[in-house]
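Shown next, in structure tokens, is the structure this report addresses.
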Amino acid sequence: MKKIVGSLLLIFLLLLACDSKDKIKFSKVRLKKQVSVLSDSSFFGDVRDVLLHNGYLLITNFSQNRLLLCDTAFNTAVNYGGAGDGPGEFRGVIKSYIKSDMVFAFDEYHGTLSLFSLGGKFVKKITYPQRIFAFTRFTVDDSLKIYVAGPEKDSSMLKLDTSGQIVRQFGSVFPSKNFREKRARSYKHILCSKDNQLICVSLSEPYIEFYSKNGKKLREFNLSDSPYLKKRLAFAEQQCRQDPKKRESTYSLFSDAYLANDHLYLLYIDQDEKNQPDVDKVLVYTVESNNLQFYKALDLSADGKRLWYDAIAVTNDEKMIYAYEGVLNEWRIFSIQ
């Protein structure tokens, strides 16, 4: 009898241990502030991107076709661009970046890249042999080479220079005989680590890849076993089974990605209890010499409400996270416990 009880207890403990591996836990965050207007009383509109640089936020404001450089209290320091087709103007500014006191901004309408000084002076507009649609995050290295997603038949990323040349095409593409599906599912957020490796986060697939700046693939990580992602992946697969044509569109998984020190923050899309999508949770991974380890998860929801964040940025000390909620058109600033 004792042996039977002991065996049952052992089985229970094993099941409990297995269950704990799949248990979803979130670290504590605290909502500190909500901001819907700038210090000059102007409103935000359709923010597509945000970057923290030396204590300032670079905000890509799509609907107003401008970039804003603000302090963390949202006092505007510099405006870049504006609506139009003239020098330094945009028709669809979508992503931006700061490097070497230069501001880089892609215009999806024209498929061009505009450069500004950090102080706001327009430098030049760059046109490439093909239109560049920067739907996801891009990065710039110390030699001012630009790395941006650009899915083609045999590559998924482009290395550009500031003279209008495509230096290299590289990167894995989603395996498919259908080019539309291949292109839709091969977009990646591209970030640059401290040791100058490219960290490439798939927009719609549970994959993260590491590349050298010369385009050599170093490592690939499959996150499909993450308990945090299972509901979204199952939903996307179910939709595609019901209608195979839906594979030609993108069921986004990682809405945004942000690198702070050695931690990769992934804003991911989840399915709620009613199987409706929401975007209010963040996975955090530690990046170490070609390795990726789960660190923690953050829940940015509030009072049980469904929220849809479009962009995030994390302070250098990793004590604060700035998240833009696109439906409410407001910033929510959280302290990370």
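The values are calculated or read from the model by the stated rules, or taken from the named source; none is laboratory data. What you see is a predicted model; the values in this text were computed from it and never measured. Neighbour counts are summed over all protein chains in view; Cβ atoms, including those assigned to glycine, are modelled from backbone coordinates with ideal geometry.
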message: Checking the conditions here, which among Tyr128, Tyr147 is in contact with a Cys (Cβ under 8 Å, 6 or more places away or on another chain) and either among the aromatic types (Phe, Trp, Tyr) or without any contact (Cβ under 8 Å) to a residue 24 or more places away in the chain (or both)?
response: Tyr147
task: Being surrounded by fewer than 19 Cβ atoms within 10 Å (Cβ to Cβ) and part of a loop (DSSP other than H, G, I, E, B) is the filter here, so list the residues in region 105-117 that pass it.
output: Tyr109, His110, Gly111
- prompt: Looking at this structure, is Lys216 out of contact with any Leu (no Cβ under 9 Å at 6 or more places or on another chain), surrounded by 15 or more Cβ atoms within 10 Å (Cβ to Cβ) and not acidic (Asp, Glu)?
  reply: no
query: In region 180-203, which residues are crowded, with 21+ Cβ neighbours inside 10 Å, in a loop (DSSP other than H, G, I, E, B) and without any contact (Cβ under 8 Å) to a residue 60 or more places away in the chain?
result: Ser186
- request: Could you name every one of the strands (runs of 3 or more DSSP E) located completely within region 273-320 that has at least 3 residues being among the aliphatic types (A, V, I, L, M) and either within 17 Å of Lys33 (Cα to Cα) or under 14 Å from the mean Cα position of the chain (by Cα) (or both)?
  value: 277-288, 309-314
Failed criterion for Ala184 (all others in (1) under 20 Å from Glu108 (Cα atoms); (2) touching a strand residue (DSSP E or B) at 6+ places or on another chain (Cβ under 7 Å); (3) not basic (Lys, Arg) hold): (2)
Sole residue being of a type in the set (D, E, K, R) and surrounded by 23 or more Cβ atoms within 10 Å (Cβ to Cβ), chosen from Arg131, Arg66, Arg137: Arg137
- request: For residues that are farther than 30 Å from Ala105 by Cα, surrounded by 12 or more Cβ atoms within 10 Å (Cβ to Cβ) and not polar (S, T, N, Q), scanning just region 13-59, find the one that is modelled with the lowest pLDDT.
  value: Ile24
message: Given (1) surrounded by fewer than 18 Cβ atoms within 10 Å (Cβ to Cβ); (2) touching a helix residue (DSSP H, G or I) at 6+ places or on another chain (Cβ under 6 Å), identify the lone condition not met by Phe174.
response: (1)
query: Looking at region 226-236, is at least one residue at pLDDT 90 or above, farther than 23 Å from Arg137 by Cβ and part of a loop (DSSP other than H, G, I, E, B)?
result: yes
field: Selected residue (criterion: surrounded by the most Cβ atoms within 10 Å (Cβ to Cβ)) from residues of region 297-337 that are on the phi > 0 side of the Ramachandran plot and in contact (Cβ under 8 Å) with a residue 12 or more places away in the chain
entry: Asn329
message: Just to be sure I understand, how many residues within region 59-104 are farther than 21 Å from Asp40 by Cβ, assigned to a strand (DSSP E or B) and not charged (D, E, K, R)?
response: 5
query: Do you know which residues across region 141-158 are of a type in the set (Gly, Ala, Ser) and surrounded by fewer than 14 Cβ atoms within 10 Å (Cβ to Cβ)?
result: Ser143
- prompt: Could you list, in sequence order, the residues of region 58-101 that are closer than 20 Å to Phe135 by Cα and of a type in the set (A, V, I, L, M)?
  reply: Leu58, Ile59, Leu67, Leu68, Ala83, Val93, Ile94, Ile98
